[in-house]
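As structure tokens, the structure follows; a few thoughts come after it.
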Amino acid sequence: QVRLVESGGGLVQAGGSLRLSCAASGSIFSINAMGWYRQAPGEQRELVATITSGRSTNYADSVRGRFTISRDNAKNTVYLQMNSLKPEDTAVYYCTAKVVRVGIRYEYDYWGQGTQVTVSS
């Protein structure tokens, strides 16, 4: 099986920074795209940022210029550096990865359990 574990969430004042990490472990042959989504109370889950295995990135308009996604392929880990945080960034942040498991031809989507980010005004 494959497991994604996030860390780095917490409480921060507006204008502050946080860095989220998400490490994938298990029977992994390769990881294609990785990404971060978030879900605020009463809202739908939304895309924050994605990064391909070749490190091409994509960002939601609401975070572009403030957040930076990166990955360490050797560690099967994706990061999200969040700067200039705003109260509207408050949400549970989920990492996701498209993983090809050892011995299985196709990729599957895996999700972490989520980490809370709270930005106070």
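The values are calculated or read from the model by the stated rules, or taken from the named source; none is laboratory data. Remember, predicted model here, so these are calculated numbers, not experimental data. Backbone-built Cβ (ideal geometry, glycine too); neighbour counts: all protein chains shown. Side chains included, ligands, DNA and RNA excluded: accessible areas come from the protein's heavy atoms. Shrake-Rupley method; radii C 1.70, N 1.55, O 1.52, S 1.80 Å.
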Run residue 50 past the list (1) farther than 28 Å from residue 87 by Cα; (2) touching a Ser or Thr at 6+ places or on another chain (Cβ under 8 Å); (3) not aromatic (Phe, Trp, Tyr) and report the number of the one that doesn't hold.
(1)
What pairs come out if I take residues in the stretch 94-109 that are aromatic (Phe, Trp, Tyr) and pair them with residues that are part of a loop (DSSP other than H, G, I, E, B) and modelled with pLDDT of 90 or more whose C-beta lies under 6 Å away, six or more apart or interchain?
94/112; 94/114
Criterion violated by residue 115 - all others in (1) open to solvent by 60 Å² or more (accessible area, probe 1.4 Å); (2) of a type in the set (Ser, Thr, Tyr); (3) within 21 Å of residue 4 (Cα to Cα) satisfied
(1)
Which residues, taken from the stretch 69-111, are under 15 Å from residue 47 (Cβ atoms) and of a type outside the set (Phe, Trp, Tyr)?
69, 78, 80, 82, 89, 91, 92, 95, 96, 97, 98, 109
Residues of the stretch 1-25 satisfying the condition of being surrounded by 13 or more Cβ atoms within 10 Å (Cβ to Cβ) and outside any strand (DSSP E or B):
8, 9, 14, 16
Strands (runs of 3 or more DSSP E) wholly inside the stretch 26-76 that include at least 2 residues being open to solvent by 30 Å² or more (accessible area, probe 1.4 Å) and within 17 Å of residue 116 (Cβ to Cβ):
28-39
Scan (1) part of a strand (DSSP E or B); (2) touching a residue at least 24 places away in the same chain (Cβ under 8 Å); (3) among the small types (Gly, Ala, Ser); (4) open to solvent by 30 Å² or more (accessible area, probe 1.4 Å) for the single condition residue 84 breaks and write down its number.
(1)
